[in-house]
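Colleague: To start, I am sharing the structure in question, which I have written as structure tokens.
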Amino acid sequence: MNEKTEVETVEIFIMGKRYEVPKGLTIMKAMEYSGYQYVRGVGCRGGFCGACATIYRLEGDYKLHTDLACQTTVQDGMYLTQLPFTPAGREQYDLEELEVDNNPLLDLYPELARCVSCNTCSKSCPQDLEVMDFVNEAIRGNIKEVAELSFDCIQCGLCAARCPAEIPHHHVAQLARRIYGRYQAPESEHLEKRVKEIANGQFDDELEELVNLPKEELEERYENREIEE
Amino acid sequence: MRTGKLKSNEEPKEDPYPESMRESIKKVEQTREERIGKEVDRMNPDEREQVLNKYHPDYREEGMRGLDAGPNQGDQMPLELADLLEAYPAVDPSEVDLTKVDYEVDVLVIGGGGAGTVAALWAIKEGIDPSDILIATKLRHGDANSMMAQGGIQAADREVDSPKAHFLDIVGGGHFANKPELARALAKDAPGILKWHEDLGVMYDKNEDGSMKTLHGGGTSRKRLHSAKDYTGMELMRAIRDEARNQEINVEEFSPAVELLTDSDGTVTGALLYNMETEQYYVVRAKSIVMATGGFGRLHIQEFPTTNHYGATADGLVMSYRAGANLLDMDSVQYHPTGAAFPEQIVGLLVTEKVRGSGAIPVNRDGEAFVFNLEPRDVEAGALIRECYGRDMGVETPTGMKGVWLDTPMIDMIHGEGTFEENLAYIYRLYTRFGIDPTEDPLLVFPTLHYQNGGIEIDDEGRTAVEGLFAGGEVEGGVHGKNRLMGNSLLDYNVFGKRAGISAAKRAKETELGDLTLEHARRYIEELEKAGVDEERRSPMLIPEYRGEEALSRSIDII
Ligand SMILES: Cc1cc2nc3c(=O)[nH]c(=O)nc-3n(C[C@H](O)[C@H](O)[C@H](O)COP(=O)(O)OP(=O)(O)OC[C@H]3O[C@@H](n4cnc5c(N)ncnc54)[C@H](O)[C@@H]3O)c2cc1C
Ligand code: FES
């Protein structure tokens with residue numbers, strides 16, 4: 001073909017079909033290079049949203065790898081498919097009504113108790129989180145630990161897809177973080193205080209004055225404002 | 001070949017940087033020690049002016065043009081946006097049947113990112129039943145710029161701070177072009193928004209006594225930036241989305257709006273949605289509509305890479321403009337100074353300002369510092385472009401992209417080992433995935449298209465000039481004037497998402513469902529014809545085109 005022969009390429013198999021793509025692309029860009037236009041399986045393109053969960057095998061390797069299409073470079077002999085959706089049950093709850101002292105995690109997700117400690121969840125996590133550790137903490141009702149260990153979770157659902165105990169880890173973790181933030185994290189007194197001051201109209205007059213200031217005067221106030229070190 | 005999972009730390013030790021870049025890194029290492037603790041002088045006003053005029057993309061006349069049609073005729077804006085605003089409706093008005101209505105709701109929210117979800121939650125608080133609300137969104141719920149924010153959110157909640165100080169920073173940062181009443185709303189609502197987040201269970205970074213950990217951002221007069229590690233946007237968005245799920249708000253995913261519907265008075269009465277998977281359209285009739293489609297990074301203005309999510313294609317601007325909404329400040333675009341320039345896989349992705357805020361400074365090919373690390377964003381971006389293209393002191397990558405070094409190893413040297421990994425977990429993970437350890441090697445960066453400063457004009461209740469249409473978040477304008485400060489847009493989507501949601505709910509309680517027509521689109525088509533606009537041009541764009549050239553050149557549509 002034409003002059004593009006100098007580009008070093010690798011061979012990949014998108015859902016089993018062979019394509020040759022330039023070396024060094026992400027899985028996502030390689031699929032686009034091959035002619036796929038995404039509707040599913042793409043969101044942020046930056047490793048935040050978990051829309052691009054992908055499973056792949058390498059030629060000659062028995063292992064099923066999991067990763068993010070937007071954050072993983074194609075390798076020669078990669079057999080891949082995306083998993084843009086994992087059917088995983090999520091329980092409804094009312095954060096204000098939860099009985100937080102009675103391990104609501106286990107209460108809402110009793111399947112947690114079926115964990116067989118196989119660690120497949122941790123091994124499948126593209127964020128390299130210690131998923132099994134937080135499942136164990138969840139069983140024990142240690143909400144803070146679950147919240148902290150799961151903090152970087154992007155909710156791609158790959159752990160849930162591979163779990164033999166069928167635990168929806170990402171939903172459990174979301175619940176734990178909200179309980180921790182709502183009921184257990186230390187309260188911020190200065191925030192409460194400021195909210196009350198605003199409700200009492202404490203800043204209304206000075207704001208009203210600024211809003212109506214001519215531009216020159218506003219500029220002057222800005223240039224002369226105090227700056228905290 | 002048999003391999004196990006390649007965790008980043010087990011990867012074979014091949015130098016991620018090619019020889020030519022490694023040479024330059026050696027020079028950076030040589031100057032590092034003496035650069036620590038030494039600040040580069042801030043530019044004086046004249047220097048800033050010069051850098052902006054000569055190097056900031058907004059000042060490149062070839063990149064802009066005036067509009068010939070619609071409410072903003074004559075206003076200058078980027079070519080890429082102007083071409084979408086002056087384009088024929090993607091849906092031919094004569095091809096759709098508006099008599100078969102698929103949804104009748106009180107409030108239709110267009111865009112399931114931060115602003116849209118917040119609007120829906122506050123509409124409920126204002127008395128609308130969740131079953132009378134529909135969120136229509138392009139990708140999945142939460143696939144949005146809101147999910148990607150790293151650095152933080154501003155709020156004047158500390159004793160030493162005040163809404164007044166915040167207000168001054170907002171308008172000064174915006175070059176005094178802001179609508180003052182919008183800036184006031186932003187500053188005044190901020191602490192209440194953080195309190196609401198706390199009630200939703202958001203985990204902000206705090207000290208043991210519960211006080212908030214806060215930092216300076218570019219242009220702040222107080223340490224006002226609140227964060228949740230460098231996943232602030234994700235922590236907020238996923239908690240807010242989780243609450244929307246608990247409230248059982250109906251969300252139509254993969255079903256972007258493609259056109260608004262109006263009655264004979266021009267009041268917005270509904271919208272057309274398009275199911276991108278099955279390619280069918282849906283007709284929605286609504287008493288109020290909240291536009292919350294976010295920004296336009298994926299237009300790649302002036303060919304810049306972008307930090308934005310896949311769906312950031314200006315659809316909300318296009319639809320609202322046709323319906324008669326006025327746009328503000330579309331001539332100013334925010335380029336974030338530090339986008340990734342290497343490796344190729346992550347070009348354009350954001351390296352948060354928090355990295356510079358923590359002490360890493362930009363240096364050139366020879367390891368020399370050339371700019372103060374926390375100039376306002378537009379100035380800092382201009383200085384980086386000058387270093388690469390004005391002074392030719394940048395570093396070239398194998399694909400021909402230029403950039404300068406952001407000297408990240410400085411951070412642990414200043415604050416102690418482990419600081420980077422702890423506070424900048426996302427950036428650390430992003431780079432180690434590709435074999436680069438930011439605590440050992442610097443990162444190559446170049447400005448990247450980041451934020452839509454302007455947008456649909458609103459008042460401080462979130463109302464647009466079009467009856468029945470409200471807007472909140474990045475899609476609206478006037479809040480930030482010509483330049484948005486870091487941490488004020490997460491705040492914006494909360495403050496104006498909330499205000500727009502409440503106003504939409506109030507209107508819905510007082511009005512009946514209206515007639516559905518595409519009259520406004522027909523009228524706009526006539527205007528375009530008169531202006532002689534190219535008939536091939538269609539919008540909204542919905543998704544950007546990234547298919548390989550070769551694949552595209554052979555694409556035919558026969559099924
Ligand atoms: C990488 C990155 C880092 C950032 N860091 C910060 C930060 O530290 N601090 C800060 O304050 N701000 C930050 N920002 C900016 C901030 O995140 C956004 O401005 C803000 O979240 C926008 O919220 P939004 O709800 O208006 O838009 P979005 O969150 O983008 O939501 C818009 C939604 O509408 C959908 N949509 C688009 N078109 C249509 C259509 N036609 N029909 C239906 N739905 C549609 C989109 O897909 C998306 O889901 C950052 C932005 C990015 C990209
Ligand atoms: S597209 Fe969001 S994580 Fe890959």
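Colleague: Before we move on, is B:Leu317 part of a helix (DSSP H, G or I), at pLDDT 95 or above and out of contact with any His (no Cβ under 8 Å at 6 or more places or on another chain)?
Modeller: Spelling it out, B:Leu317 is indeed part of a helix (DSSP H, G or I), at pLDDT 95 or above and out of contact with any His (no Cβ under 8 Å at 6 or more places or on another chain).
Colleague: Could I ask something else about it? Take the residues of segment A:24-47 that are within 17 Å of A:Thr86 (Cα to Cα) and facing chain B (nearest Cβ under 7 Å): which is farthest from ligand 2 (Cβ to nearest atom)?
Modeller: Taking the candidates together, the pick is A:Val39.
Colleague: How many residues does segment B:110-163 hold that are within 16 Å of ligand 2 (Cβ to nearest atom) and assigned to a loop (DSSP other than H, G, I, E, B)?
Modeller: Going through segment B:110-163 one residue at a time, the tally reaches 12.
Colleague: Please go through segment A:207-229 and give me each residue that is loosely packed, with under 11 Cβ neighbours inside 10 Å and β-branched (Val, Ile, Thr), ordered by number.
Modeller: Result: A:Ile227, single match.
Colleague: Which count do you get for residues in segment B:243-256 that are facing chain A (nearest Cβ under 7 Å) and in contact (Cβ under 8 Å) with a residue 40 or more places away in the chain?
Modeller: Qualifying residue count, segment B:243-256: 1.
Colleague: For the list (1) surrounded by fewer than 18 Cβ atoms within 10 Å (Cβ to Cβ); (2) at pLDDT 95 or above, I need the number of the one condition that B:Lys38 fails.
Modeller: Here B:Lys38 clears every test but (2).
Colleague: For A:Val21, are the conditions met, namely being more than 16 Å from ligand 2 (Cβ to nearest atom) and touching a strand residue (DSSP E or B) at 6+ places or on another chain (Cβ under 8 Å)?
Modeller: yes
Colleague: Which residue out of B:Ala271, B:Ala312, B:Ala239 is among the hydrophobic types (A, V, I, L, M, F, W, C), under 28 Å from B:Asp129 (Cα atoms) and buried (at least 24 other Cβ atoms within 10 Å of the Cβ)?
Modeller: Going through B:Ala271, B:Ala312, B:Ala239 in turn, just one is among the hydrophobic types (A, V, I, L, M, F, W, C), under 28 Å from B:Asp129 (Cα atoms) and buried (at least 24 other Cβ atoms within 10 Å of the Cβ): B:Ala271.
Colleague: I would also like to ask the following. What number goes with the only condition from (1) of a type in the set (Phe, Trp, Tyr); (2) more than 17 Å from B:Asp68 (Cβ to Cβ); (3) not in a loop (DSSP other than H, G, I, E, B) that B:Tyr546 does not pass?
Modeller: Result: B:Tyr546 passes all but (3).
Colleague: Say we look at segment B:362-376 and pick out the residues that are farther than 20 Å from B:Arg22 by Cβ and either in contact with a strand residue (DSSP E or B) (Cβ under 6 Å, 6 or more places away or on another chain) or modelled with pLDDT of 95 or more (or both); which of these is surrounded by the most Cβ atoms within 10 Å (Cβ to Cβ)?
Modeller: Within segment B:362-376, the match that is surrounded by the most Cβ atoms within 10 Å (Cβ to Cβ) is B:Val371.
Colleague: Check whether at least one residue in segment A:183-206 is of a type outside the set (D, E, K, R), surrounded by 19 or more Cβ atoms within 10 Å (Cβ to Cβ) and in contact (Cβ under 8 Å) with a residue 12 or more places away in the chain, and report yes or no.
Modeller: Looking through segment A:183-206, none of the residues is of a type outside the set (D, E, K, R), surrounded by 19 or more Cβ atoms within 10 Å (Cβ to Cβ) and in contact (Cβ under 8 Å) with a residue 12 or more places away in the chain.
Colleague: Same structure again: State the number of residues belonging to segment B:216-231 that are over 17 Å from B:Glu421 (Cβ atoms) and either in a loop (DSSP other than H, G, I, E, B) or more than 11 Å from chain A (Cβ to nearest Cβ) (or both).
Modeller: 10
Colleague: Which count do you get for residues in segment B:491-506 that are touching a helix residue (DSSP H, G or I) at 6+ places or on another chain (Cβ under 8 Å), more than 14 Å from chain A (Cβ to nearest Cβ) and more than 10 Å from ligand 1 (Cβ to nearest atom)?
Modeller: Residues flagged as touching a helix residue (DSSP H, G or I) at 6+ places or on another chain (Cβ under 8 Å), more than 14 Å from chain A (Cβ to nearest Cβ) and more than 10 Å from ligand 1 (Cβ to nearest atom) within segment B:491-506 amount to 7.
Colleague: Filter segment A:51-73 for residues that are small (Gly, Ala, Ser) and within 9 Å of another protein chain (Cβ to nearest Cβ); which is farthest from ligand 2 (Cβ to nearest atom)?
Modeller: Applying the filter and picking the extreme gives A:Gly60.
Colleague: Do any helices (runs of 4 or more DSSP H) lying entirely in segment B:377-480 carry at least 1 residues that are of a type in the set (Phe, Trp, Tyr) and on the phi < 0 side of the Ramachandran plot, and which ones are they?
Modeller: Ranges flagged: B:419-423, B:425-432.
Colleague: Now, a different point. When you check A:Arg45 against the structure, is it modelled with pLDDT of 95 or more, outside the structural domain of A:Glu137 (by TED's automatic domain parsing), closer than 30 Å to B:Tyr426 by Cα and basic (Lys, Arg), yes or no?
Modeller: When the stated conditions are applied, A:Arg45 passes them.
Colleague: Out of all the residues in segment B:329-346, which are at the interface with chain A (Cβ under 10 Å from one of its Cβ atoms), out of contact with any Ser or Thr (no Cβ under 6 Å at 6 or more places or on another chain) and surrounded by fewer than 24 Cβ atoms within 10 Å (Cβ to Cβ)?
Modeller: B:Pro343 - this is the single residue of segment B:329-346 that is at the interface with chain A (Cβ under 10 Å from one of its Cβ atoms), out of contact with any Ser or Thr (no Cβ under 6 Å at 6 or more places or on another chain) and surrounded by fewer than 24 Cβ atoms within 10 Å (Cβ to Cβ).
The values are calculated or read from the model by the stated rules, or taken from the named source; none is laboratory data. The structure presented is a predicted model; accordingly, all values stated were derived computationally and were not measured. In this analysis, Cβ positions are derived from the backbone assuming ideal geometry, glycine residues included, and neighbour counts consider all displayed protein chains.
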